[in-house]
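**Q** Sharing a structure here in structure tokens format.
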Amino acid sequence: MSITVHATQWIHFQIKLYNLHSKTRSLKDQKLELPLPEFHQNLIIFTSAAHHGLTFGYQAIQWDTPYTSCPIYIEHQSIPWSTLEQRSHKHITEHITAIFLETMFYRQSQFKQCQFCFEFIIPESLFDHTTCQNCASRHFGVVY
Ligand SMILES: [Zn+2]
């Protein structure tokens, strides 16, 4: 199954389960996360209900020190509640799915392949556009 099919099925299920089109019935402060390890263990997309609307984003890594990191959540897009409440259920499902997939493709495009180890790496763990931090240490003598 491609990640597009996986993500589409998942978001359709969440829309029904949580009535994501409706502010009043939607998930409160919960964040719904979809990990997509079939692409990369660090590709995680989320949707959550914020005050201003339904938000979409991805999990990223924040390096607190060169050796310790913690996950952070980056909001990429959102749909205002007023927009969702004005439209038909079918239209809303299409709209939410489109924004969710857009967010996924955006994050996916940030992963770069390392020129030395050929691994796909999240931008937060890259030394530069073509080298991961491990290989930068090994090949360029960069000390973290
Ligand atoms: Zn590498």
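The values are calculated or read from the model by the stated rules, or taken from the named source; none is laboratory data. The structure displayed is predicted, hence computed values, not measured ones. Glycine gets a Cβ as well: all are built from the backbone with ideal geometry, and neighbour counts include every protein chain shown.
**Q** Can you go through 34, 43, 101, 84 and tell me which one is at pLDDT below 95, among the hydrophobic types (A, V, I, L, M, F, W, C) and either out of contact with any helix residue (DSSP H, G or I) (no Cβ under 7 Å at 6 or more places or on another chain) or buried (at least 17 other Cβ atoms within 10 Å of the Cβ) (or both)?
**A** 84
**Q** Out of everything in the range 48-69 that is closer than 24 Å to residue 7 by Cα and among the hydroxyl-bearing types (Ser, Thr, Tyr), what residue ends up being surrounded by the most Cβ atoms within 10 Å (Cβ to Cβ)?
**A** 58
**Q** Next question. Being outside any helix (DSSP H, G or I), without any contact (Cβ under 8 Å) to a residue 12 or more places away in the chain and not assigned by TED's automatic domain parsing to the domain that holds residue 46: is that true of residue 127 here?
**A** no
**Q** So for the range 87-95 (the condition being closer than 24 Å to residue 39 by Cβ and crowded, with 17+ Cβ neighbours inside 10 Å), does at least one residue qualify?
**A** Within the range 87-95, one or more residues are closer than 24 Å to residue 39 by Cβ and crowded, with 17+ Cβ neighbours inside 10 Å.
**Q** Would a scan of the range 92-113 turn up a residue that is out of contact with any strand residue (DSSP E or B) (no Cβ under 7 Å at 6 or more places or on another chain), among the aromatic types (Phe, Trp, Tyr) and at positive phi?
**A** Checked against the condition, which is being out of contact with any strand residue (DSSP E or B) (no Cβ under 7 Å at 6 or more places or on another chain), among the aromatic types (Phe, Trp, Tyr) and at positive phi, the range 92-113 yields no hits at all.
**Q** Pick out the one residue from 50, 60 that is touching a strand residue (DSSP E or B) at 6+ places or on another chain (Cβ under 9 Å), more than 14 Å from the ligand (Cβ to nearest atom) and touching a residue at least 40 places away in the same chain (Cβ under 8 Å).
**A** Selected residue: 60, the only one of 50, 60 that is touching a strand residue (DSSP E or B) at 6+ places or on another chain (Cβ under 9 Å), more than 14 Å from the ligand (Cβ to nearest atom) and touching a residue at least 40 places away in the same chain (Cβ under 8 Å).
**Q** Mind checking which residues of the range 88-104 are under 17 Å from residue 49 (Cβ atoms) and without any contact (Cβ under 8 Å) to a residue 40 or more places away in the chain?
**A** 95
**Q** Can you tell which of 70, 117, 135 is outside any loop (DSSP other than H, G, I, E, B) and within 14 Å of the ligand (Cβ to nearest atom)?
**A** One residue alone meets the criteria, 135.
**Q** Follow-up. Output the residues belonging to the range 82-114 that are part of a helix (DSSP H, G or I), among the polar types (S, T, N, Q) and under 23 Å from residue 8 (Cβ atoms).
**A** Within the range 82-114, 83, 93, 97, 103, 108, 109, 110 meet the criteria.
**Q** Just one of the numbered conditions (1) more than 18 Å from residue 14 (Cβ to Cβ); (2) surrounded by 13 or more Cβ atoms within 10 Å (Cβ to Cβ); (3) free of Cβ contacts under 8 Å to residues at least 24 places away in the same chain is not true of residue 27; which one?
**A** (1)
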